[in-house]
Amino acid sequence: MIETLSQLLLHTVKFYPKDDLMLYKKEGSYVSISTEEFGSMVKDFSLGLKDLGFEAGNKLIIFSETRPEWVTSDMACQCSGGVTVPIYPTLTSEQVKYIIDNSDARFVVCSNKELWQKIEAVKSELGKVESFISFETVAHDDVLSFDQLLERGKKISKEKPELFEEMAMSVKPEDLASIIYTSGTTGIPKGVMLTHSNFISNIRTCLALVEITEQETSLSWCPLSHIMERIVTYGYLYKGSTIGYAESLEALLENLGEVRPHFMVLPPRIYERIYSGVIDNVLSYSSLKRKIFYWALEVGKKYGQKKILAQPISQSLKLRRKLAHKLVFSKIIAKTGGRIRFFMSGGAPLSKDIAEFFYALGIVILEAYGLTETSPVISLNTFENLKFGTVGKPIPGVEVRIAEDGEILTKGPHVMKGYYRKEAETKEAIKGGWFHTGDIGHLDKEGFLVITDRKKDIIVTSGGKNVAPQQIENLLKINPNISNAVVIGDKRKFISAFIIPNLEKLEKYAKANNISYMDKSDLVEKEEIVDFMLAEVDRSTPNLARFEKVKRIALLDRDFELGDVEVTPTLKVKRNIIEEKYKNLIDSLYED
């Protein structure tokens, strides 16, 4: 039985020999890495680290974008009994320094020259670090290249051919496997300590619920620094599925067509963008084509509802669904590569309307819920138990209960060991074995978990009304004229919102209505534009309670960005940063 990540690697190499375990872009074309090549790289990297003095329990920083070398470094660390500490490539030099220092890391792996510059800016202050390794050539005497480390490992392998497997098999399930620093949406990042048994319990349980095979291919785009992409990568390796690596968000659509994956994980923000793109295209169609699309969508929704509820489907509906697929859905599915069996969503709540929209097209999105502290999956929608607007049922072996204040608590083999060097925070988070997630939600009559919002994000108006902002934001983002939205109003008389409009559509609206403007920043301040967008907000939220209604809005001429630390690497908005950065603008909404 596989009990550790090092055993998982040995299992993959032994039972899934294939020419294309991994695919990555090189000089404009996808090339493959075989299972044998991957296994050899992991072994050589691991032994190369040992030659540098790396020992069991040592911390290895991985500061890199998602790529095969990331996984190689991670698995090499696991097989050495080490502890992987990932760092998001988007973090600043000071944030990188904090994680390296706080984790007591002695070894740092960096991917390229751009990221090396961030390390170099604070290198003189990294007194604990003994060795720096780079995936790509860096002109610095203190930096060892990826290939140089592999060569050192090959030499050790020839001298001691049994050493690698001995190290891998000596790792225990209770050993620390990784320290993952939280994204810091609510304060200073905390290092989440996860053991091999944490990871393996989650992998094994989830793969029993959602089947994948060695004949299938995935596409990896999300940051491996985030536990969501990392846990599914372990799952792919566990089952011998081929992993293709996307180049970037901009190239994602092209890469889908090239890799033609059977499954993929994406955050909700990307599904929202895809949805908006589809609707924008539809709105540019002729009247007849629009009618055909909306007819097909209605047919798809009716068919999907009956399928989920296991109700009889009439022959007439089956024929209409078949025609809808031929005329409309097949063209959209083809853009995913034509082989997609399912997508997965995690990291933030997915709008029910968007999930239903994709399902109507014939594209299944299985939404999961969890946190870094829970390895990560707590609950999961599956093909057998699928309910939109929920995050599925708790997975086997995982307990969930709802506290009196609505907070979701969980207990089981998935719960972290604790926060690194933060005993007080650990005791606050885990009480009586129950981890306090900080999320508000409930279990419905059928046992599906419904997430309402983050506990710290709940808005309490000056009138004492509790408002869950994420639910309102999800409604707003379905509107094709709205690119993004952040609801505000804590301790205020009413609810307001920052709206990032679809600027391309807004410019067309301004032109059609003879509204003159100098540039985009001028456009979003025009009174008639603000009035138009407020009407769109009202149109998108007809069923909200009166105290939940957005009364005023401020339009921004750009979306929130990673570079400005306004969103996390999984594109979740950092509310504390937004509220601090735009305080004067927020105050202006409540002046009178």
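Please verify whether S103 is among the polar types (S, T, N, Q), over 26 Å from T182 (Cβ atoms) and either assigned by TED's automatic domain parsing to the domain that holds N255 or modelled with pLDDT of 95 or more (or both), treating the condition exactly as stated.
Values: among the polar types (S, T, N, Q): yes; over 26 Å from T182 (Cβ atoms): no; either assigned by TED's automatic domain parsing to the domain that holds N255 or modelled with pLDDT of 95 or more (or both): yes.
No: the conditions fail for S103.
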Note to self: If I go through segment 379-414 residue by residue, how many of them are touching a His at 6+ places or on another chain (Cβ under 7 Å) and in a strand (DSSP E or B)?
What the structure shows: 3
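How about segment 51-88: which of its residues are at pLDDT 95 or above, of a type in the set (S, T, Y) and over 13 Å from F107 (Cβ atoms)?
S64, T66, T72
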Next item on the list: From (1) surrounded by fewer than 20 Cβ atoms within 10 Å (Cβ to Cβ); (2) over 30 Å from K493 (Cα atoms), pick out the condition that doesn't hold for L449.
Entry: (1)
Checklist line | Output for segment 142-163, where each listed residue is of a type in the set (D, E) and outside any helix (DSSP H, G or I) | finding: D142, E162
Next item on the list: Those residues that are of a type outside the set (A, V, I, L, M), crowded, with 21+ Cβ neighbours inside 10 Å and within 29 Å of K427 (Cα to Cα), I need them from segment 364-403; list them, please.
Entry: Y369, G370, E373, T374, S375, P376, S379, G392, K393, P394
Check: Checking K326 against (1) charged (D, E, K, R); (2) part of a loop (DSSP other than H, G, I, E, B); (3) free of Cβ contacts under 8 Å to residues at least 12 places away in the same chain, which single condition isn't satisfied?
Finding: (2)
Note to self: When you check G433 against the structure, is it more than 22 Å from E367 (Cβ to Cβ), outside the structural domain of G392 (by TED's automatic domain parsing) and either surrounded by fewer than 16 Cβ atoms within 10 Å (Cβ to Cβ) or within 24 Å of the chain's Cα centre (by Cα) (or both), yes or no?
What the structure shows: no
Next item on the list: Sort out which residues of segment 197-216 are in a helix (DSSP H, G or I), of a type outside the set (A, V, I, L, M) and over 23 Å from Y88 (Cβ atoms), and write them in order of number.
Entry: S197, S201, R204, T205, C206
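Select from segment 271-314 the residues that are β-branched (V, I, T), under 30 Å from the mean Cα position of the chain (by Cα) and not assigned by TED's automatic domain parsing to the domain that holds A355 and list them in ascending order.
Looking only at segment 271-314, we keep the residues that are β-branched (V, I, T), and these are 274, 278-279, 282, 292, 299, 308, 313.
Okay, now just the ones that are also under 30 Å from the mean Cα position of the chain (by Cα), so 274, 278-279, 282, 308.
Selection gives I308 alone.
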Note to self: If E425 meets every condition in (1) free of Cβ contacts under 8 Å to residues at least 60 places away in the same chain; (2) farther than 30 Å from V278 by Cβ; (3) out of contact with any helix residue (DSSP H, G or I) (no Cβ under 8 Å at 6 or more places or on another chain) apart from one, which number is that one?
What the structure shows: (1)
Next item on the list: Can you confirm whether segment 423-430 contains a residue that is assigned to a loop (DSSP other than H, G, I, E, B) and surrounded by fewer than 22 Cβ atoms within 10 Å (Cβ to Cβ)?
Entry: no
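Using the structure shown, decide if E162 is within 29 Å of the chain's Cα centre (by Cα), among the acidic types (D, E) and assigned by TED's automatic domain parsing to the domain that holds M41. So that I can check it myself, show each step before the final result.
Working: within 29 Å of the chain's Cα centre (by Cα): no; among the acidic types (D, E): yes; assigned by TED's automatic domain parsing to the domain that holds M41: yes.
For E162, the condition - within 29 Å of the chain's Cα centre (by Cα), among the acidic types (D, E) and assigned by TED's automatic domain parsing to the domain that holds M41 - is not met.
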Note to self: Take P376 and tell me if it is closer than 22 Å to I200 by Cα, touching a residue at least 60 places away in the same chain (Cβ under 8 Å) and out of contact with any strand residue (DSSP E or B) (no Cβ under 9 Å at 6 or more places or on another chain).
What the structure shows: no
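Residues that are hydrophobic (A, V, I, L, M, F, W, C), more than 23 Å from S330 (Cβ to Cβ) and at pLDDT 95 or above: list the helices (runs of 4 or more DSSP H) wholly contained in segment 217-302 that include at least 1 such residues. Talk me through it step by step, then tell me what you get.
Working: elements: 227-239, 252-259, 268-283.
Answer list for segment 217-302: 227-239.
Taking segment 123-141 only, how many residues are outside any loop (DSSP other than H, G, I, E, B) and surrounded by 14 or more Cβ atoms within 10 Å (Cβ to Cβ)?
Narrowing segment 123-141 to residues outside any loop (DSSP other than H, G, I, E, B): 123-125, 131-134.
Filter once more, keeping what is surrounded by 14 or more Cβ atoms within 10 Å (Cβ to Cβ): 123, 131-134.
Number satisfying all stated conditions: 5.
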Notebook entry, point to check: Which ones in segment 25-51 are in contact (Cβ under 8 Å) with a residue 40 or more places away in the chain and either of a type in the set (D, E) or crowded, with 18+ Cβ neighbours inside 10 Å (or both)?
Noted result: K25, T35, M41, K43, D44, F45, S46, L47, G48, L49, K50, D51
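Out of S220, S201, I need the residue that is on the phi < 0 side of the Ramachandran plot and assigned by TED's automatic domain parsing to the domain that holds G82. Which one?
Numbers: S201 fails: assigned by TED's automatic domain parsing to the domain that holds G82.
Just one listed residue meets the conditions, S220.
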Next item on the list: State which residue is farthest from S64 (Cα to Cα) when the search covers only segment 100-122 and only residues that are out of contact with any Leu (no Cβ under 9 Å at 6 or more places or on another chain) and surrounded by 18 or more Cβ atoms within 10 Å (Cβ to Cβ).
Entry: N102
Notebook entry, point to check: Which one of the conditions (1) in the same structural domain as I274 (by TED's automatic domain parsing); (2) aliphatic (A, V, I, L, M); (3) free of Cβ contacts under 8 Å to residues at least 40 places away in the same chain does L317 fail to meet, given that it meets all the rest?
Noted result: (1)
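Yes/no per residue for (1) closer than 30 Å to V232 by Cα; (2) charged (D, E, K, R):
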{"position": "L266", "(1), (2)": "yes, no"}
{"position": "R269", "(1), (2)": "yes, yes"}
{"position": "I274", "(1), (2)": "yes, no"}
{"position": "G277", "(1), (2)": "yes, no"}
{"position": "D280", "(1), (2)": "no, yes"}
{"position": "R290", "(1), (2)": "no, yes"}
{"position": "K322", "(1), (2)": "no, yes"}
{"position": "K326", "(1), (2)": "no, yes"}
Note to self: Suppose the filter is within 25 Å of the chain's Cα centre (by Cα) and in a loop (DSSP other than H, G, I, E, B); does P89 pass it?
What the structure shows: yes
Next item on the list: Could you check how many residues of segment 161-190 are within 19 Å of A56 (Cα to Cα) and touching a residue at least 12 places away in the same chain (Cβ under 8 Å)?
Entry: 17
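Considering only helices (runs of 4 or more DSSP H) fully contained in segment 457-571, which possess at least 3 residues that are surrounded by 13 or more Cβ atoms within 10 Å (Cβ to Cβ) and more than 27 Å from the chain's Cα centre (by Cα)?
Working: elements: 469-478, 503-512, 520-523, 527-540.
Filter on segment 457-571 gives 503-512, 527-540.
The values are calculated or read from the model by the stated rules, or taken from the named source; none is laboratory data. Not measured: the values here are computed from a predicted model. Positions of Cβ are generated from backbone atoms using ideal geometry, with glycine treated the same way; all protein chains shown enter the neighbour counts.
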